[in-house]
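**Student:** Could you have a look at this structure, given as structure tokens, before my questions?
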Ligand SMILES: CC(C)(COP(=O)(O)OP(=O)(O)OC[C@H]1O[C@@H](n2cnc3c(N)ncnc32)[C@H](O)[C@@H]1OP(=O)(O)O)[C@@H](O)C(=O)NCCC(=O)NCCS
């Protein structure tokens, strides 16, 4: 598996995986616009020409938000998400970011287990944050020193 920064050859496969995984997927245009955003950092996992997963973030003044993370069902439970987040954190450290925050559906046990394994801690809750279906978001955060 190769982990690298997103470029425009990845956008179509990311949009398809968004549709497969989420009820409110990002459009191809929205994903593409991240390529021109200096605040954005997206890492993809590639198995040859095939996209296994991706993680997207934006950062300002040393604080980053993880906006989306997905691994294709054919590649789950192989450590791809864990590697994606580790790779993202390595690259954020190079930008002197020291903190990564994310929201996750309160019922998303696989993702919450992943974040717990990587030492994210719960710092808050947003009632009714998600729609389709309506659900609370847990706010999780991981901090480090550079
Ligand atoms: C959540 C998701 C990204 C995990 O991807 P993955 O590549 O399968 O995860 P990994 O193989 O790196 O798993 C790392 C750890 O996460 C936890 N984990 C992952 N999937 C899990 C599952 N289905 N059930 C319980 N724990 C799980 C485990 O602790 C696992 O470590 P282990 O294998 O040593 O037990 C993937 O299931 C996915 O894409 N889900 C749909 C999209 C989504 O929910 N994204 C997150 C939005 S906040």
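Rule-based calculations on the coordinates, nothing more; no lab input. Since the model is a prediction, treat every value here as computed from it, not as a measurement. Glycine gets a Cβ as well: all are built from the backbone with ideal geometry, and neighbour counts include every protein chain shown.
**Student:** At a 10 Å Cβ-Cβ cut-off, how would you order 54, 115, fewest neighbours first? Walk me through the numbers on the way to the answer.
**Tutor:** Details: 54 27, 115 24.
In order of increasing Cβ crowding within 10 Å: 115, 54.
**Student:** Then there is this: For the range 57-109, compute Rg over Rh where Rg is the Cα radius of gyration and Rh is the Kirkwood radius from the inverse mean 1/r over Cα pairs. Spell out each step's value before the answer.
**Tutor:** On the way: Rg = 12.3 Å, Rh = 12.2 Å.
Result: Rg/Rh = 1.01.
**Student:** Could you work out [θ]222 nm for the chain from helices alone, using -39500 (n - 2.57) per DSSP H run of at least four and dividing by all its residues? Round to the nearest 500 deg cm²/dmol. Please list the in-between numbers first.
**Tutor:** On the way: 4 runs with 42 residues, N = 146.
Helix contribution divided over all residues of the chain: -8500 deg cm²/dmol.
**Student:** Shifting gears a bit: Could you work out the relative contact order of the chain? I mean the mean sequence separation of Cα pairs under 8 Å and 6+ apart, divided by the number of residues, in percent. Intermediate results must be reported in sequence, preceding the final value.
**Tutor:** Working: 249 pairs, mean separation 26.6, N = 146.
The normalised contact order for the chain reaches 18 percent.
**Student:** OK, next. If all Cα-Cα distances of the range 1-127 are sorted into 5 Å bins from 0 onward, what percent lands in each bin, rounded to whole numbers?
**Tutor:** In order of increasing distance, the bins hold 2, 10, 22, 24, 22, 14, 4, 0, 0 percent.
**Student:** Fewest to most neighbouring Cβ within 10 Å: what's the order for 119, 47?
**Tutor:** Numbers: 119 10, 47 15.
So the residues, fewest neighbours to most, are 119, 47.
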